[in-house]
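A quick write-up on the structure given underneath.
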Amino acid sequence: MYYSRVVMGKIEPEKHEEAFAIFTDNIIPAAREQEGFRGANLFSNPQNGKFISTTIWKTEEDIIASDKSGYLKGQLDKVAKLMTEPPVIEHYIVHY
């Protein structure tokens with residue numbers, strides 16, 4: 001069983017490409033260095049700016065540790081200037 005952090009938010013639609021570049025060039029490499037990180041997906045709608053980012057973690061403790069260490073805040077800070085509202089962050093169990 002794995003665990004997932006889901007971040008849902010909205011960016012300025014004209015900043016879509018910039019946000020995607022930050023995700024692939026900065027956020028994913030930093031995630032790969034985190035204990036328990038297993039993978040990530042980014043879903044986005046360039047027309048309205050909505051996005052969903054999912055990261056997969058080996059244990060729930062790994063997600064919590066990455067929250068407490070400041071890792072998550074540091075990654076969100078990288079795209080904060082592009083967001084039009086604060087993101088919603090939730091944790092889930094991955095069943096399949």
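The values are calculated or read from the model by the stated rules, or taken from the named source; none is laboratory data. Here the structure is a predicted model, which is why all the values come from computation and not from measurement. Positions of Cβ are backbone-derived with ideal geometry, glycine not excepted, and every protein chain shown enters the neighbour counts.
Criterion applied to Phe37, Phe20, Phe51 was being at pLDDT below 95 and among the hydrophobic types (A, V, I, L, M, F, W, C), and the one residue passing it is Phe20.
Scoring Tyr92 on the criteria (1) at pLDDT 95 or above; (2) touching a helix residue (DSSP H, G or I) at 6+ places or on another chain (Cβ under 6 Å) leaves a single failure, condition (2).
Please count how many residues of region 38-88 are touching a His at 6+ places or on another chain (Cβ under 7 Å) and polar (S, T, N, Q). The total comes to 1. Just one of the listed residues (Lys10, Lys15, Lys73, Lys78) is in contact with a Lys or Arg (Cβ under 6 Å, 6 or more places away or on another chain) and of a type outside the set (A, V, I, L, M, F, W, C), and it is Lys10.
The set of residues from region 68-90 being surrounded by 14 or more Cβ atoms within 10 Å (Cβ to Cβ) and farther than 18 Å from Pro13 by Cα comprises Tyr71, Leu72, Gln75, Ile89. Can you confirm whether region 5-20 contains a residue that is of a type outside the set (Phe, Trp, Tyr), buried (at least 18 other Cβ atoms within 10 Å of the Cβ) and more than 18 Å from Lys81 (Cα to Cα)? Yes, region 5-20 has at least one match.
Selection of region 42-58 for residues being surrounded by fewer than 20 Cβ atoms within 10 Å (Cβ to Cβ) and either among the small types (Gly, Ala, Ser) or in contact (Cβ under 8 Å) with a residue 24 or more places away in the chain (or both) yields Ser44, Pro46, Gln47, Asn48, Lys50, Ile52, Thr54, Ile56, Lys58. The one condition from (1) surrounded by fewer than 16 Cβ atoms within 10 Å (Cβ to Cβ); (2) more than 19 Å from Ile93 (Cα to Cα) that Ala65 does not meet is (2).
The number of residues in region 68-91 being over 15 Å from Ala21 (Cα atoms), in contact (Cβ under 8 Å) with a residue 40 or more places away in the chain and of a type outside the set (Phe, Trp, Tyr) comes to 10.
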